[in-house]
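These notes are about the structure you will find just below.
Throughout, read-outs are computed from the coordinates displayed, never taken from laboratory work. What you see is a predicted model, and the numbers here were worked out from it, not measured in a lab. Backbone-built Cβ (ideal geometry, glycine too); neighbour counts: all protein chains shown.
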Amino acid sequence: METLLEEHEKLSRKGNLSKSVEDVQKTIDLLVKARDSIVANQNSASVTLAKLQNPVKQSFEAINSDLKDVYKGLGNYSKALDKKFRDKPLPTTDYDALSSHPALINRAIAMHLLREGQFSVASTFLTDATNNPPRPELSSGTPKPYASLEVDLGIDSLKSESLRKQFANMYHILHELKNQQNLLPAIAWARENTDALETRGSNLEFELSKLQFVWLFTGGSNPDDARSLLFGQQQALGYARQEFAHFQGRYLREIQQLSGAMAFCPNLAQSPYRRIFHNEDAWDDLANSFTREFCSLLGLSADSPLYIAATAGAIALPTLLKLQTIMKEKRTEWTTQHELPVEIPLPPAYHFHSIFVCPVSKEQTTDENPPMMMPCGHVVAQESLARLSKGSRFKCPYCPSESRPEDSMKLFM
């Protein structure tokens, strides 16, 4: 990148066309002056043209000299760009797992638009998708394991007015929370769904009420006004007496901290409760928690699956490009249909709960007992691995390969 910046600076310095424009204008002025002289006295035409020959020649030489630096700078800059950003073809394969499931792709796109609040765009997309139903193209050897799912998860379900109203309500609440610092719509929604939230073990309702208390205690919308600050502290005390009673069973310690902080109200910034009352990320964190809980009650993930898939693909792309280069050099082919030929390192946020039944213990793996892949490629649960190895070198129960427990790798499926 340093080479590219250096060439860009050179081009900026030498590629200034103002001098070239000046030289061109001088040449035009010479020609105009000569024309006017000939028009005024036609007998002087031969003498005027003779005198004009050398100045015009010098002007063209000066223009060419100016443009030479520009052409050179452009050439060097183009080479630096080509060297830095080489045009690499994307990995290709004859096997396309989604080519026979266009309805699922359309549904993912429509759901993404709804989740992003693009309701009019989503409506237009759904109308076009309905009027022009996709025609699956089955590639050779491509199974169709999701045939029944396309009926259950078709785009018809996305036309439900209730689903659109749900997302519209979510964006209204988020707008009030993030832009207006108005927690009341979010608190009202949490109270309407308190049973479902408690079943999930969510603390969203209390966190919303807690932030409302903090917002009132610190002066609300006028934190710098002394009168508003005093009035806000009185409001916060009344709010705590009214709202925190039914939270005491689960959040007594947190409520005690909020009450104890009132003794430090003149100097909260230096008190032990500073992180509660002066947390710049509190509103964003609570907005993310609200989005996650709202989508969970709808049976959806907090992030758009289309966004997750596209981001994961972008992260994996450099590795796949490098693999393609190696495959060309070694003249090999990617023949495995149902798995990637190399391990793709993804951030922890893109690792999801594994659904795998251990072939040894016959039990489904969990977060506490995840699947572990041995160097030979066979997979067992972590507890089964511990029993097999007993902390030392052991033999795979499915092949003659031997390995150590630390050589195994946690697998995400």
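In table form, for the structure just shown:
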quantity	calculated
Most to least packed among 365-376, 319-330 [average Cβ atoms within 10 Å]	365-376, 319-330
Alpha-carbon centroid distance for the pair the stretch 64-81 / the stretch 360-387, whole angstrom	61 Å
Too-long pairs where the Cα-Cα distance tops 21 Å, listed order kept, from LYS57/LYS79; LYS72/LYS322; LYS10/LYS72; LYS19/LYS57; LYS19/LYS79	LYS57/LYS79; LYS72/LYS322; LYS19/LYS79
Cα gyration tensor, the stretch 165-260 - rounded (a/c under 1.5), prolate or oblate	oblate
Given charges at Cβ of Lys, Arg, Asp, Glu: the stretch 259-315 dipole, positive-most of ILE308, CYS265, ASN279	CYS265
